[in-house]
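The values are calculated or read from the model by the stated rules, or taken from the named source; none is laboratory data. Predicted model, so just to flag it, every value in this text is computed and none were measured. Here the Cβ positions follow ideal geometry from the backbone for every residue, glycine too, while neighbour counts run over all protein chains shown. Side chains are part of the model used for accessible areas, which takes the heavy atoms of the whole protein and leaves out ligands, DNA and RNA. Shrake-Rupley method; radii C 1.70, N 1.55, O 1.52, S 1.80 Å.
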Amino acid sequence: MALDLPTIIRNFDLRKCMQCGKCSASCPAGFESNLRTRMIIYMAKSGMDVLDLNELWSCTTCYTCQERCPKGVKVTDAIIFLRNLAARRGNFPRIHLTAIKAIYDTSNGFPLTPEISKIRSLLGLQKEPADVAHNEEALSKFRRLMESIEIINITREAQK
Amino acid sequence: MRYSLFPGCIAKNLYPSIEKATSIVFKELGIELVEDPYTCCPAPGVIRSYDFDSWLVIAARNIATAEAKGTPLLTICNGCYGTLGAADRFLKAHPEYIERVNRFLATVDMRYLGATRVVHFVDLIKESLPQLKDAVRVELDLKVAIHYGCHYLKPSAHGGENPERPEILERIVECLGCESVDFPEKLSCCGAGGGVWSGNEDLSLAILHRKLNFIKEAGAECIIDICPFCHLQLDQGQKRLKTRFEIPVLHLNQLIGLSFGVKDKILGLHTHMVSTRNIAKKAKKARKDLFEENEEKEI
Ligand code: SF4
Ligand code: SF4
């Protein structure tokens, strides 16, 4: 998907925003943090730079704002794509690199630990699930696929 | 009908009790589940936030795996559904992307065709309500707080329940002889999604705390979820909060398992962080009224 601010404004109907504030009023993350959805939409649709705002990363992507927006602005989708841009600039929580690395290394975001393996056996499940993580050939193929996609470059760039 | 079970990382690797309960419930409903070699869905909150196309390629790889076997993909997690369902619908609506995705998949000898579908397990239970009713053996009579979680209901453009007034979980829970309690912000987020769980723990727990206060006030004996990630947040998150709520958390399939007369230990209730002892006791009592001890269900 083409990535720049004007495309996001167009694809997700940000210009339709009338600043009613229903999104902010519905936002569970906004209750507890500085995230002001209406402000992000206002700034973005006016062409202001929002990519350095840490609040972009406070959104839980619950989609409540998008569902309730009376003008049909695709608020959550827009935030997700603004994050795509922010990540390329290096604004993202560094801890996420652990999850991305875990997926690259093991094909799972939450890899299996010996403790859980034991619980699996006690419950009568296979000790190790029949997933890609436990199939050497499939795992090396998956890593090859990961090498070919953009997310690896974005995160490697950030670690330099 | 056969379905390929997509357990997702959390049910497999953090809460195998959910995977176990799922296999028991669907066996009883006469629905065959097979296992296929999957990866992380990938996580919609983290991976999609970094690069939409990368997210799409990994999701398409998982869908293509089920497609090659000719089985629909069954998710037991809102996060997996949020990824696999959305990616599948996106590709079907934008065929020009299919070719692009397939250029990546070709490097690992795979291909997405758009010939299967992604199903959330609640929708499958919805279709099987009569069978479910028949299989219920014990009335648990629990006061439960239903937590829908976000990505089963939303975005609603994908169809399904009305996100502001859903009713399927209430119907299922009633079917099991339980009462669903009402509470403010019942449909609000658990606070884990969007990478906030790992990226901003304080905020994630603050959102959870707010929700748990409402649940406690409503007098719920337990929380019922349909997503292992919400489950992780509701169960482990409670332990991280300073306030001691001690509200047991069950994935819907575990509650259904109990209603089928399956023992709590078999369903792995004892492996949760928040004690489920009171629920187990109540289930045992309900079972006693129905079975002689040696007749107890041991699936
Ligand atoms: S709810 Fe929609 S129209 Fe209202 S402020 Fe938010 S984005 Fe703008
Ligand atoms: S999707 Fe994000 S911005 Fe919108 S209501 Fe939910 S947390 Fe707030």
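Measuring only protein heavy atoms, the 1.4 Å probe finds A:C23 accessible over about 20 Å². Dimensions of the stretch B:167-299 along the principal axes, based on C-alpha atoms and rounded to the nearest Å, stand at 50, 28, 24, largest first. Isolated cysteines of chain A, defined as having no other cysteine beta carbon under 4.7 Å away, are A:C17, A:C20, A:C27, A:C59, A:C69. Note on the stretch B:99-121 and the stretch B:216-263: Cα centroid distance 35 Å, given to the nearest whole angstrom. Here's how it looks for B:C40: its modeled amide H is under 5 Å from those of A:N108, A:G109, which are all 5 or more places away or on a different chain.
If you wrap the tightest convex hull around every Cα atom of chain B and split its volume per residue, you get 119 Å³.
Here is the interface size for A with B: some 5100 Å² of accessible area buried, both sides summed, with a 1.4 Å probe.
Overall, chain A carries a charge dipole of about 500 debye about its Cα centre when +1 sits on the Cβ of Lys and Arg and -1 on the Cβ of Asp and Glu, all other atoms neutral. When the C-alpha to C-alpha distance is required to be over 22 Å, the pairs from B:K27/B:K133; A:K101/B:K92; B:K69/B:K92 that qualify are A:K101/B:K92. Across the stretch A:61-73, rounded Karplus estimates of 3J(HN,Hα) from the backbone phi angles (6.51 cos²θ - 1.76 cosθ + 1.60, θ = phi - 60°) give 6, 6, 6, 5, 4, 5, 5, 8, 4, x, 9, x, 5 Hz, Gly and Pro being marked x.
Helix A:75-89 sits at what angle to the longest principal axis of chain A, using alpha carbons and giving 0 to 90 degrees rounded to 10? With rounding to tens, the tilt is 70 degrees. 3J(HN,Hα) along the stretch A:42-48, derived from phi through the Karplus expression 6.51 cos²θ - 1.76 cosθ + 1.60 where θ = phi - 60°, amounts to 4, 4, 5, 6, 8, x, 7 Hz, with x in place of Gly and Pro. Per residue, the protein assembly as shown reaches -14500 deg cm²/dmol at 222 nm when only DSSP H runs of four or more residues are counted, each adding -39500 (n - 2.57). Put B:R171, A:R120 in order of accessible area, highest first, and with a 1.4 Å probe you get B:R171, A:R120. Peptide B:63-69 is shielded by partner chain Cβ atoms: per residue, an average of 0 of them sit within 10 Å of its Cβ. Charged neighbours of B:I10, selected by a Cβ distance under 12 Å, balance to -2 (K, R count +1; D, E count -1).
For the stretch B:129-280, a crude dipole built from +1 on the beta carbon of Lys and Arg and -1 on the beta carbon of Asp and Glu, taken about the Cα centre, is about 420 debye to the nearest 20. Amide H contacts of B:H251: B:D225, each under 5 Å away and 5 or more positions distant or on a separate chain (H built 1.01 Å from N in the peptide plane; Pro and chain starts excluded). The mean number of Cβ atoms from other chains found within 10 Å of a Cβ in peptide A:28-37 is 5, as a whole number. Taken along its principal axes, the alpha carbon cloud of the protein assembly as shown reaches lengths of 70, 49, 38 Å, longest axis first. For B:G45, nonlocal amide neighbours, meaning residues 5 or more places apart or on other chains whose placed amide H falls under 5 Å from its own, are B:G194, B:G195.
Applying the Karplus relation 6.51 cos²θ - 1.76 cosθ + 1.60 with θ = phi - 60° to the stretch B:35-45 yields 3J(HN,Hα) values of 10, 10, x, 10, 10, 3, 4, x, 3, x, x Hz, where x marks Gly and Pro. Measuring nothing but protein heavy atoms, the accessible surface of chain B at 1.4 Å probe radius is 48 percent carbon and sulfur.
What does the net charge come to around B:S49 if you take all other residues with beta carbon closer than 15 Å to its beta carbon, with K and R at +1 and D and E at -1? With Lys, Arg at +1 and Asp, Glu at -1, the neighbours total 0. Please report the carbon-and-sulfur percent of the accessible area for the stretch A:42-142; probe 1.4 Å, protein heavy atoms only, DNA, RNA and ligands left out. Carbon-and-sulfur percentage of accessible area, whole number: 54. For the stretch A:96-140, the residue among A:V132, A:L112, A:L122 whose Cα projects farthest onto the positive side of the dipole built from Cβ charges is A:L122. Shielding value for B:6-19 is 6, the average number of Cβ atoms from other chains within 10 Å of each residue's Cβ.
Among the GluC sites (Glu not before Pro) in the stretch B:203-297, those placed in a DSSP loop whose Cβ has at most 12 other Cβ atoms within 10 Å are B:E246, B:E292.
Rounded to the nearest 20 debye, the dipole size of the stretch A:78-154 about its Cα centre is 320 debye, using +1 on the Cβ of Lys and Arg and -1 on the Cβ of Asp and Glu.
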